[in-house]
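*Asks:* Structure incoming, see below.
The values are calculated or read from the model by the stated rules, or taken from the named source; none is laboratory data. Note that the structure is a prediction, hence the values are computed from the model and not measured. Every residue, glycine among them, receives a Cβ derived from its backbone with ideal geometry; neighbour counts consider all protein chains shown. Ligands, DNA and RNA are excluded from the accessible area calculation, which covers all protein heavy atoms including side chains. Shrake-Rupley method; radii C 1.70, N 1.55, O 1.52, S 1.80 Å.
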Amino acid sequence: MQMKFKALSIATTAALMLMAGQAQAASGDTLAQIKKKGELQCGVSDGLPGFSNPNAKGVWEGIDVDLCHALAAGIFGDANKVKFIPLNAKERFTALQSGEVDVLSRNTTWTLSRDATMGLTFTTTLYYDGQGFLVNKALGVKSAKELDGASICIQAGTTTELNVADYFKANGMKFTPVVFDTSDQTVKGFESGRCDVLTSDQSQLYALKIKLAKPDAAQVLPEVISKEPLGPAVRQGDEQWSTLVKWTLFAMVSAEELGVTSKNVDEMKASKNPDVRRLLGLEEPSGKVLGIQPDWGYQIVKQVGNYGEVFERTVGKGSALGIDRGVNALWNQGGFMYAPPIR
């Protein structure tokens, strides 16, 4: 008798992958598996300048990339023990759920539904962002309130789709969505005239703007229509790994607050400030409580830098994007960046 098998639906397959990833995380052995592999598998974007993008030599660079380098520095004492896996917006969560990557560091917005229903844990915010609009200067548009009836290029599988719909509805305006799978496709659609406007997180708009043949012909409008806290995500169920990812960023922020940089970190070992000494692993608690290098903080700052150094060279004034620190400044300098004490 011939047996007939029904193919698994995409939803069923995704659910099975999610269960497998959760089972792996629930065993609490993500860090042990990373050490066994000898490298961290880091999910990044498929090419977004400033956040995660290969340079002319094929070396990955960006603020998301540097978080993964910092993790590797703390785990192995070697910031280069990372394998970067480029993912588009649609496939990023499945890659994390299935265990293809250990951490997703891919300009991803922390939302309730993602945190509560997808088997993910967002550890903390790496970059505070908000959605905006990029337009051709020739249109003469100065405000998003003037976009009634516009066609808008949007990347599929992102929070931007819902945000723009909410914004236009709230302001009594209409628009025509032109949806693409990748950020590069949205740029090409915008340049070719498929749409009047390109919408995304403002940081991404600055990154995409420099990819245009004529960057100076476009401008980012002043309106910010949403909150987009971007940060790393891990699978639910492994508190040790989630804690380590979280405190890696906290170490970078603490280092900036304490004035510890990649250039002076060796000199700072002589500091009598107990906060500095704990950061550098010279006093307890050291990295041993996280299951990694005792001098984890020293390795992170020495090999990667503090948060301010990383921000400036990847997306800040020292980069092609030239973004102001704004709300990403330290809490004592008018921003949101704040780290709990290392003690």
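*Asks:* Rounded, prolate or oblate: pick one for the stretch 78-120, where a ≥ b ≥ c are the square roots of the eigenvalues of its C-alpha gyration tensor, a/c under 1.5 means rounded, and failing that, prolate if a/b is larger than b/c, else oblate.
*Replies:* Cα axes put the stretch 78-120 in the prolate bin.
*Asks:* So for each of 110-116, 239-245 I average, over its residues, the number of other beta carbons within 10 Å; can you give me the resulting order with the highest mean first?
*Replies:* Highest to lowest by the protection proxy: 239-245, 110-116.
*Asks:* Continuing with this model, one more query. Using the basic label-point model (7 angstrom from Cα toward the beta carbon), what is the GLN240 to LYS227 distance in nanometres?
*Replies:* Calculated label separation equals 3.4 nm.
*Asks:* Same structure, new question: Would you please classify the overall shape of the stretch 137-230 from the alpha carbon gyration tensor, given that a ≥ b ≥ c denote the square roots of the eigenvalues, rounded means a/c under 1.5, and beyond that prolate means a/b larger than b/c while oblate covers the rest?
*Replies:* rounded
*Asks:* Would you calculate the separation in nanometres between label points at SER113 and ASN80, each defined as 7 Å from the Cα along the Cα-to-beta-carbon direction?
*Replies:* 4.3 nm
*Asks:* Related question: Non-local amide H neighbours of LEU120 (under 5 Å, H modeled in plane, Pro and chain starts lacking H): which ones?
*Replies:* GLN236
*Asks:* Here is a further query. Using all C-alpha to C-alpha distances in the stretch 199-319, build P(r) with 10 Å bins and read off the rounded percent in each one.
*Replies:* For the stretch 199-319, the binned pair fractions read 12, 33, 26, 20, 9, 1 percent.
*Asks:* Tell me the Rg and the Dmax, in Å, that the Cα atoms of the chain produce.
*Replies:* Gyration radius and largest Cα-Cα distance of the chain: 21.2, 81 Å.
*Asks:* If the reach is capped at under 18 angstrom between alpha carbons, list the lysines near LYS272, excluding any in the same chain fewer than eight residues apart.
*Replies:* List returned: none.
*Asks:* Still on this structure, I have one more. Give the lysines whose C-alpha is closer than 20 Å to that of LYS57, dropping any in the same chain fewer than 8 places away, or say none.
*Replies:* LYS81, LYS83, LYS211
*Asks:* Hey, another quick one. When the accessible area of the stretch 41-117 is computed with all protein chains present and a 1.4 Å probe, what percentage of it is carbon and sulfur?
*Replies:* Ligands and nucleic acids excluded, carbon and sulfur give 48 percent.
*Asks:* Turning to a different aspect of this structure: Of all alpha-carbon pairs in the stretch 181-253, indicate the percentage at a distance above 15 angstrom.
*Replies:* Across the stretch 181-253, Cα pairs with separations above 15 Å total 66 percent.
*Asks:* Which shape class, rounded, prolate or oblate, goes with the stretch 283-343 when its Cα gyration tensor gives a ≥ b ≥ c as root eigenvalues, a/c under 1.5 marks rounded, and past that a/b bigger than b/c marks prolate?
*Replies:* oblate
*Asks:* Quick check on my link table: of LYS174/LYS227; LYS90/LYS145; LYS142/LYS174, which ones sit more than 27 Å apart, alpha carbon to alpha carbon?
*Replies:* Distance filter (> 27 Å) returns LYS90/LYS145.
*Asks:* How much of the accessible area of the stretch 168-269, probe 1.4 Å, is carbon plus sulfur, in whole percent?
*Replies:* Accessible surface attributable to carbon and sulfur in the stretch 168-269 totals 49 percent.
*Asks:* Say R0 is 22 Å: what FRET efficiency, to the nearest 0.05, do GLU161 and LYS211 get from their beta-carbon distance?
*Replies:* FRET efficiency, GLU161 to LYS211: 0.55.
*Asks:* So what is the calculated 222 nm ellipticity per residue for the chain, using -39500 (n - 2.57) for each DSSP H run with n of 4 or more, over all residues, to the nearest 500 deg cm²/dmol?
*Replies:* -10500 deg cm²/dmol
*Asks:* A further question on this structure: Can you tell which of ALA89, ALA170, ALA79 shows the greatest fluctuation in a Gaussian network model of the chain with Cα springs below 10 Å?
*Replies:* In the Gaussian network model the winner is ALA170.
*Asks:* With an 8 Å cut-off on Cα pairs and a minimum separation of 6 or more residues, tell me the relative contact order of the chain in percent.
*Replies:* 21 percent
*Asks:* Which of VAL179, SER192, MET252 sits farthest toward the positive end of the charge dipole of the stretch 176-257, with +1 on the Cβ of Lys and Arg and -1 on the Cβ of Asp and Glu?
*Replies:* It is SER192, whose Cα lies furthest towards the positive end.
*Asks:* Still on this structure, I have one more. Taking 0.36 nm per residue of sequence separation and subtracting the Cα-Cα distance, how much length would be gained by fully extending the chain between ALA270 and ASP324, in nm to one decimal?
*Replies:* Full extension of this stretch gives 16.1 nm more.
*Asks:* Provide the per residue accessible area, probe 1.4 Å, for the chain, rounded to a whole number of square angstrom.
*Replies:* Accessible surface, normalised per residue, equals 45 Å².
*Asks:* How far is helix 239-258 tilted, in degrees, relative to the longest principal axis of the Cα atoms in the chain, given as a value from 0 to 90 rounded to the nearest 10?
*Replies:* 90 degrees
*Asks:* Another question, then. Can you list the HN-Hα couplings for the stretch 324-337, worked out from phi with the Karplus curve (6.51, -1.76, 1.60; θ = phi - 60°), rounded to whole Hz and with x for Gly and Pro?
*Replies:* Coupling constants for the stretch 324-337: 5, 4, x, 6, 8, 6, 4, 4, 8, 10, x, x, 9, 6 Hz.
*Asks:* Which log10 I(q)/I(0) values does the stretch 64-207 give at q = 0.12 Å⁻¹ under the Debye formula, counting every alpha carbon as one identical point scatterer?
*Replies:* With one equal scatterer per Cα and no solvent, log10 I(q)/I(0) is -0.58.
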